[in-house]
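Here's the structure, in structure tokens; my notes come after.
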Amino acid sequence: MTKAFINRIATGTPPNDVHETFLRFGQLMLRQDKRSLALFNRMADRSGIAHRYSFITPDPGGAVVDTEGFYSPGGFPNTSARMKKFEACAPGLAVETAERLLAGEDRSRITHVVVTSCTGLSAPGIDLALVERCGLPATVERTMVGFMGCYAAINALKLARHIVRSEPGARVLALNLELCTLHLHETADLEEILSFLLFADGCAAALVSADPVGVEIKSFRAALVPQTRELIRWHIRDQGFDMVLSGKVPGAIRSALIEARDDILGGANDIELWAVHPGGRTVLDAVEQAFGLPESALGASRSVLNDYGNMSSGTVMFVLDRIMRGAAAGQNGCAMSFGPGLVAETMMFRMAA
């Protein structure tokens with residue numbers, strides 16, 4: 001059976017660091033509720049995040065507003081305006097990231113494009129922008145994976161592996177792009193504001209083929225946690241996409257991983273590399289506890305969280321990219337992401353040459 005490998009990964013973000021501005025926005029929304037404000041400030045201090053990037057240009061004076069007045073107090077945009085912003089900004093970031101991935105690549109050999117996104121959609125969309133602007137063959141086969149949330153990158157890799165195993169000559173461009181900051185809301189709901197304490201914009205692109213270079217994709221396993229469907233919700237509403245991320249998520253993840261540990265690892269006790277989606281500091285703490293890991297095991301995940309925040313589907317690829325740059329051939333690893341369901345999507349891998 002043909003093996004599939006992630007040959008390399010490229011990453012990209014928009015230019016604007018909005019973390020401090022978004023924190024001030026959260027404080028403004030909660031200013032009438034001193035107890036909630038104190039909790040928000042405490043969570044912000046412990047978040048493990050220093051930077052988040054966005055296409056929104058923050059006002060140096062502290063208001064969450066860009067040069068177009070996209071976020072104006074008392075006049076936040078409707079879903080139509082947010083999707084127009086996505087259509088204007090997403091293709092450029094996708095192409096920029098893909099260009100870094102494909103530098104020196106014979107683009108005529110790219111056979112498939114798989115794109116994941118849960119923060120915007122249009123047709124023709126990102127997939128065709130990649131074909132047209134990156135000079136890919138007009139015959140390339142395209143697949144869009146929509147609205148799966150933070151674990152979509154693992155599912156994209158699963159599709160890419162199936163393609164390569166069935167078509168050994170295939171070369172798959174898998175791209176994950178999210179513009180989470182286009183869905184900020186004016187609200188005094190603490191749980192919702194805490195959700196936006198985490199999220200940011202970013203893009204990751206990977207080349208998957210049968211070339212034995214990079215990361216060998218070994219296997220996948222999904223773990224659905226019963227009776228947790230309300231803990232992570234992502235719905236399209238009139239004022240954008242409405243995210244709810246319950247504070248119960250880390251505990252549910254910890255319990256689920258403890259129960260599914262043997263199934264996920266398949267009895268392996270030689271896992272040296274952990275590419276865990278940094279859904280938040282407490283999520284990473286939950287994974288450490290579930291697998292009995294030393295604090296250093298999730299160093300790559302914590303550094304990505306600090307540098308970029310949670311970019312939804314692409315974030316685990318940022319982590320895997322950092323791991324690939326420093327890992328040795330033959331090391332075994334486990335990647336995992338979490339999202340609506342509640343579901344943990346996991347991938348076992350091994351470093352190749």
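The values are calculated or read from the model by the stated rules, or taken from the named source; none is laboratory data. Nothing here was measured: the structure is a model prediction, and the numbers come from that model. Cβ: placed from backbone, ideal geometry, glycine included. Neighbour counts: every protein chain shown. Side chains are part of the model used for accessible areas, which takes the heavy atoms of the whole protein and leaves out ligands, DNA and RNA. Shrake-Rupley method; radii C 1.70, N 1.55, O 1.52, S 1.80 Å.
Filtering segment 159-196 to residues that are in a loop (DSSP other than H, G, I, E, B), at pLDDT below 95, open to solvent by 10 Å² or more (accessible area, probe 1.4 Å) and out of contact with any Pro (no Cβ under 9 Å at 6 or more places or on another chain) leaves His185, Thr187, Ala188, Asp189, Phe196. Pick out the one residue from Ile9, Ile56, Ile49 that is closer than 30 Å to Ala170 by Cα and either surrounded by fewer than 20 Cβ atoms within 10 Å (Cβ to Cβ) or aliphatic (A, V, I, L, M) (or both). From the options Ile9, Ile56, Ile49, the qualifying one is Ile9. Look through segment 237-258, keep the residues that are surrounded by fewer than 17 Cβ atoms within 10 Å (Cβ to Cβ) and at pLDDT 90 or above, and return whichever of them is farthest from Gly75 (Cα to Cα). Among residues in segment 237-258 that are surrounded by fewer than 17 Cβ atoms within 10 Å (Cβ to Cβ) and at pLDDT 90 or above, the one farthest from Gly75 (Cα to Cα) is Ile258. Filtering segment 323-340 for residues that are at pLDDT 95 or above, part of a helix (DSSP H, G or I) and of a type in the set (Gly, Ala, Ser) leaves an empty set. Residues in segment 270-282 that are assigned to a loop (DSSP other than H, G, I, E, B) and either over 15 Å from Tyr151 (Cα atoms) or open to solvent by 30 Å² or more (accessible area, probe 1.4 Å) (or both): Asp270 alone. Residues that are charged (D, E, K, R) and outside any helix (DSSP H, G or I) within segment 227-269 comprise Arg229, Glu230, Arg233, Arg237, Asp238, Asp242, Lys248, listed in sequence order. Considering only residues in segment 125-138 that are more than 28 Å from Leu184 (Cα to Cα) and touching a residue at least 24 places away in the same chain (Cβ under 8 Å), the one that is most open to solvent (accessible area, probe 1.4 Å) turns out to be Arg133.
From the list Ser122, Ser80, Ser108, pick out the single residue that is open to solvent by 10 Å² or more (accessible area, probe 1.4 Å), without any contact (Cβ under 8 Å) to a residue 40 or more places away in the chain and part of a loop (DSSP other than H, G, I, E, B).
So the residue among Ser122, Ser80, Ser108 that is open to solvent by 10 Å² or more (accessible area, probe 1.4 Å), without any contact (Cβ under 8 Å) to a residue 40 or more places away in the chain and part of a loop (DSSP other than H, G, I, E, B) is Ser122.
Total residues in segment 83-105 satisfying the condition of being open to solvent by less than 70 Å² (accessible area, probe 1.4 Å) and in contact (Cβ under 8 Å) with a residue 24 or more places away in the chain: the figure is 15.
For segment 12-24, a residue qualifies if it is open to solvent by 20 Å² or more (accessible area, probe 1.4 Å) and touching an Asp or Glu at 6+ places or on another chain (Cβ under 9 Å), and the qualifying residues are Thr13, Asn16.
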